[in-house]
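What follows is a set of notes on a single structure, which appears directly below.
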Amino acid sequence: MIRSVVRGNGAALPRRIMKNADFEGMVETSDEWIVQRTGIRQRHVAADDETTASLGEAAARAALDSAGLTPADIDLIVLATSTPNNTFPATAVEIQNRLGMHHGFAFDMQAVCSGFVYAVATADLYIRGGLAKRVLVIGSETFSRILDWNDRSTCVLFGDGAGAVVLEAAEGRGDIGDRGVLAASLRSDGVHKDKLFVDGGPSTTGTVGHLRMEGREVFKHAVGMITDVIEATFAEARITANDLDWFVPHQANKRIIDASAKKLGIAEEKVVVTVDLHGNTSAASVPLALSVAVADGRIKKGDLVLLEAMGGGFTWGAVLLRW
Ligand code: UT7
């Protein structure tokens, strides 16, 4: 059977780093509160000339380089983002143009923090359905543009950045030993809309709006939703937590990551944590974490890797793949 195998990956971060202490003169907060409650120590913040498209392009180029490919080899770009450059056209199409690609097709995927997991699951279906052979899957965000910088309960949590993978069609045996995407489970439930949303949009206010979150409410649901969807993924693939080499969760809060890993019985040393470096970068968080763990030699060819995310909507999901 056809599998979608990761052939390369890459990342891009804005030049400017903002430390927790940099917020102390802006809102009533402290480095101590942010570290204790979230695990975040710093985040990258985009300058005016750094956008979702430019960061996404840079991550895509890095992923292509690591795959030994050029844009000519790609037939589909799926960009996960909630902070597009424009309401339309899709920022994926802008990235396609920036890469000099005038063939194939590209579209954006909007599932907030779960966007990259949704995008990998979607790209896998395009590959297995025969509509694409090599897909650039990108998560790129500039959440700094939609933050209310006077709201201490949200502005300290998020950061900007981008990550990407190249997925390629390859023949597999159809068992758990195959490289590539092995299982995926996606979920959403709009009943939770008011707990995490942006208070503007083209069809309502005609404005971009700002991110609003009842953090405690999101936290309350997060661990249960994450562990449910991962258990469904384990059942589909007929594996247990012990079979995993690496757990690469959405990087929103170190306490959510720790509690989820503990509930699932995933050993601490198998958990990739980058929330301290990047904050919550929404759809970019999982591919950014992947890029760190691949660059430092932790994730290697043949490793069994579990990706997970949960965010606004609510949306949530998990993807199991062999690197
Ligand atoms: O990516 C999408 C998913 N998003 C998430 O997963 C976020 C989920 N939520 C969280 O990570 C946590 O709920 C937060 C980090 C947002 C908050 O942590 P918490 O332990 O749930 O704190 P809390 O909301 O219960 O707030 C505790 C106190 C409050 O003061 P009172 O009411 O106890 O007097 C807040 O006003 O901390 C206060 N507070 C702050 N204090 C200093 C809120 N933000 C800050 C701040 N600095 N930045």
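If you take every DSSP beta bridge fully contained in the chain, what fraction is antiparallel? Give it as a percent rounded to 5.
70
Helix hunt in the chain: which complete DSSP H runs extend at least 18 Å axially by C-alpha with mean Kyte-Doolittle at least 0.5?
115-128
If you place +1 on the Cβ of every Lys and Arg and -1 on the Cβ of every Asp and Glu, how big does the dipole about the Cα centre of the range 2-171 come out, in debye to the nearest 20?
Dipole magnitude for the range 2-171 comes out near 420 debye.
Once phi is turned into ³J(HN,Hα) by the Karplus curve 6.51 cos²θ - 1.76 cosθ + 1.60 with θ = phi - 60°, what whole-Hz value does each residue of the range 143-158 show in order, with x for glycine and proline?
5, 4, 6, 10, 7, 8, 6, 9, 9, 5, 6, 10, 5, 7, 8, 10
Enumerate the amide H contacts of L182 below 5 Å, restricted to partners 5 or more residues apart or on another chain; note that Pro and chain-start residues carry no placed amide H.
Amide H neighbours of L182, under 5 Å, 5+ apart: L320, L321, R322.
Note down the relative contact order for the range 2-171 as a percent, whole number, built from C-alpha pairs under 8 angstrom at least six residues apart.
Across the range 2-171, relative contact order equals 36 percent.
Please give the per residue volume of the convex hull enclosing the alpha carbon atoms of the range 2-171, rounded to a whole number of Å³.
Hull volume over Cα atoms, normalised by residue count, gives 114 Å³.
Could you state the accessible area per residue of the chain in Å², with a 1.4 Å probe and every protein chain left in place?
Normalised by residue count, the accessible surface of the chain is 41 Å².
So who's got an amide H within less than 5 Å of the one on F247, skipping anything under 5 residues away but keeping other chains? H placed 1.01 Å off N, in plane.
Amide H neighbours of F247, under 5 Å, 5+ apart: V271, V272, L306.
At a 1.4 Å probe radius, carbon and sulfur cover how many percent of the accessible area of the range 2-171?
Looking at the range 2-171 in its full context, I get 49 percent from C and S.
Note the full-extension length gain between R16 and N150 as 0.36 nm times their separation in residues minus their Cα-Cα distance, in nm to one decimal.
Once the chain is fully extended between R16 and N150, it gains 46.3 nm.
Contour minus end-to-end for D243 and D194, with contour as 0.36 nm per residue of separation and end-to-end as the Cα-Cα distance?
Length difference between fully extended and current span is 13.9 nm.
Given +1 on the Cβ of Lys and Arg, -1 on the Cβ of Asp and Glu, and no further charges, what dipole in debye does the chain carry about its Cα centre, rounded to the nearest 20?
Around 480 debye, computed over the chain.
For K19, which aspartates and glutamates qualify as cross-link partners when the Cα separation must be under 13 Å and same-chain residues fewer than eight apart are set aside?
D31, E32, D276
Pull up all non-local amide H partners of R298: gap of 5 or more, or a different chain, and H-to-H distance under 5 Å with H placed in the peptide plane.
Here the answer is none, since no amide H 5 or more places off falls under 5 Å of that of R298.
For A267 and M1 in one chain, what is 0.36 nm times their gap in residues minus the Cα-Cα distance, to one decimal in nm?
Answer, rounded to one decimal: 92.6 nm.
Mind checking which lysines have their Cα closer than 23 Å to the Cα of K220? Skip sequence neighbours fewer than 8 apart in that chain.
K193, K195, K254, K262, K263
The values are calculated or read from the model by the stated rules, or taken from the named source; none is laboratory data. Remember, predicted model here, so these are calculated numbers, not experimental data. Here the Cβ is made from the backbone with ideal geometry for all residues, glycine too, and neighbour counts use every protein chain on show. When the accessible area is computed, the model is the full protein with side chains, heavy atoms only, and any ligands, DNA or RNA have been set aside. Shrake-Rupley method; radii C 1.70, N 1.55, O 1.52, S 1.80 Å.
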